[in-house]
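Just below is one structure, and these are the notes that go with it.
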Amino acid sequence: MSDLNVGIVGLGWVAAAHIQTFKSVEGANVTAVCSRRELHESELEKTYGVPLKAYRSFQTMLADANIDVIDICTPHPLHAEQAIAAAKAGKHLLIEKPICLTFEDATAVRQAIQEGEVNVCVCFECRFSQHFSLIRSCIDEGLLGDLHYAEVDYYHGIGPWYGQFEWNVKRDFGGSSLLTAGCHALDGLLFFMDGQVEEVTSYTNRSKSPIFAPYEYDTTSVTLLKFKDGRLGKVVSVVDCLQPYYFHIHLVGSHGSLLDNRIYSHKLKGMDKGHWSVLETALIDSGDVKDHPYMPQFQAFVDAIGKAEAMPLTDFETAFETHRVIFAADRSAQELRPVKLSEFEH
């Protein structure tokens, strides 16, 4: 099988990270980009180190039979329309989170993907990180026993020092604290708990700092999750904090607990319950896209396409379920009531 050709739509800092990552991926190459800006191919090659065909029209890029995969790196409100068009054109899809900003759009994207029979990867890349892989191994090996409570919290001040700030502050672009960034934490909790959410209750507020005043939506949220089997979870999403980036993970089970990269387990003889034991790994400790674990995720996606298999861990259906919970949480915060996931049937 020849290498897959990838066309990227949207040419910001995320796209740059994707281009750099694909240089190390076997079986695929970024060969084209599409942007509203006028692009000069000689300058693109000089900037990104690979030859890139430039498109101003997304439809024209979709019509290129040489492009196998469309990688969507545009601002959030454009994702749904572009994903639907790409799926209808028979292109495999790599979609930066969130997949869209409304449940209706998510359902429409889902239908187009099913009808187009294309393979899809959604960029919840933390599932491919060393940190998440280690935690999942602790769970699968039974070191924590049966989990009955989990909290995964996201603290990342997205202020004027970030390039996305200018558009991220707008409600119809950022969407909500969870949609724009905290979705990584909620997706992580669902990955660790591995069960169906029955009901969510969410509350939101915002910082009084003038730094974050341009935001058109509440930038801090607390979401409580009740699973169908009675287990509980909590997700905090704070994009208006003034502190170092922090991805907090605390899992509590019948044989032990895990806190970030520390563990105590009854299953391991000789452990001191008065002290945590450190699990050495690379932590999720940066919001910068250059530090994201795209490489193993993109390689898994390319391999899945080659084998005609579903994308592991971050396929569309898995991401769709994460978004369904997010939409329920945002409705709960807006209407000040618990929301059952049955309100978002699909």
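Tell me yes or no: at least one residue of segment 149-168 is at positive phi, modelled with pLDDT of 95 or more and more than 15 Å from the chain's Cα centre (by Cα).
There is no residue in segment 149-168 that is at positive phi, modelled with pLDDT of 95 or more and more than 15 Å from the chain's Cα centre (by Cα).
Considering segment 281-320 alone, what residues qualify as being over 12 Å from the mean Cα position of the chain (by Cα), at pLDDT 95 or above and of a type in the set (Asp, Glu)?
303, 309, 317
Suppose the filter is small (Gly, Ala, Ser), more than 22 Å from residue 188 (Cβ to Cβ) and at pLDDT 95 or above; does residue 342 pass it? Working first, answer last.
Details: small (Gly, Ala, Ser): yes; more than 22 Å from residue 188 (Cβ to Cβ): yes; at pLDDT 95 or above: yes.
Here the answer is yes, as residue 342 does meet what is asked.
Every residue in segment 243-272 that is hydroxyl-bearing (Ser, Thr, Tyr) and more than 20 Å from the chain's Cα centre (by Cα), please.
254, 257, 264, 265
Looking at segment 183-193, can you tell me whether even one residue there is over 26 Å from residue 93 (Cα atoms) and surrounded by fewer than 17 Cβ atoms within 10 Å (Cβ to Cβ)?
There is no residue in segment 183-193 that is over 26 Å from residue 93 (Cα atoms) and surrounded by fewer than 17 Cβ atoms within 10 Å (Cβ to Cβ).
Considering every residue within segment 134-145, establish whether at least one is surrounded by fewer than 17 Cβ atoms within 10 Å (Cβ to Cβ), among the small types (Gly, Ala, Ser) and part of a helix (DSSP H, G or I).
Yes, the conditions are met somewhere in segment 134-145.
So for segment 75-95 (the condition being among the basic types (Lys, Arg) and closer than 22 Å to residue 315 by Cβ), does at least one residue qualify?
First, pick out the residues of segment 75-95 that are among the basic types (Lys, Arg): 88, 91.
Next, only the ones that are closer than 22 Å to residue 315 by Cβ stay: 88, 91.
So far as segment 75-95 goes, yes, one or more of its residues are among the basic types (Lys, Arg) and closer than 22 Å to residue 315 by Cβ.
To keep it simple, each residue is scored yes or no on (1) without any contact (Cβ under 8 Å) to a residue 12 or more places away in the chain; (2) outside the structural domain of residue 162 (by TED's automatic domain parsing); (3) surrounded by 15 or more Cβ atoms within 10 Å (Cβ to Cβ); (4) among the charged types (D, E, K, R).
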site	(1), (2), (3), (4)
231	no, no, yes, yes
268	no, no, no, no
272	yes, no, no, yes
284	no, no, yes, no
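Among the residues of segment 145-161, which ones are over 27 Å from residue 254 (Cα atoms) and touching a residue at least 12 places away in the same chain (Cβ under 8 Å)?
155, 156, 157, 158, 159, 160
Considering segment 209-229 alone, what residues qualify as being touching a residue at least 12 places away in the same chain (Cβ under 8 Å), surrounded by fewer than 16 Cβ atoms within 10 Å (Cβ to Cβ) and either on the phi > 0 side of the Ramachandran plot or not acidic (Asp, Glu) (or both)?
209, 211, 214, 228, listed by residue number.
Can you pull out every residue in segment 11-37 that is touching a Lys or Arg at 6+ places or on another chain (Cβ under 9 Å) and closer than 21 Å to residue 79 by Cα?
Correct list: 11, 13, 16, 17, 30, 31, 32, 33, 34, 35, 36, 37.
Go through (1) part of a helix (DSSP H, G or I); (2) surrounded by fewer than 19 Cβ atoms within 10 Å (Cβ to Cβ); (3) touching a Phe, Trp or Tyr at 6+ places or on another chain (Cβ under 6 Å) one by one and return the number of the condition residue 172 breaks.
Here residue 172 clears every test but (3).
The values are calculated or read from the model by the stated rules, or taken from the named source; none is laboratory data. Quick caveat, the model's predicted, so the values are computed rather than measured. Every residue, glycine as well, gets a Cβ built from its backbone with ideal geometry; the counts of neighbours run over all protein chains shown.
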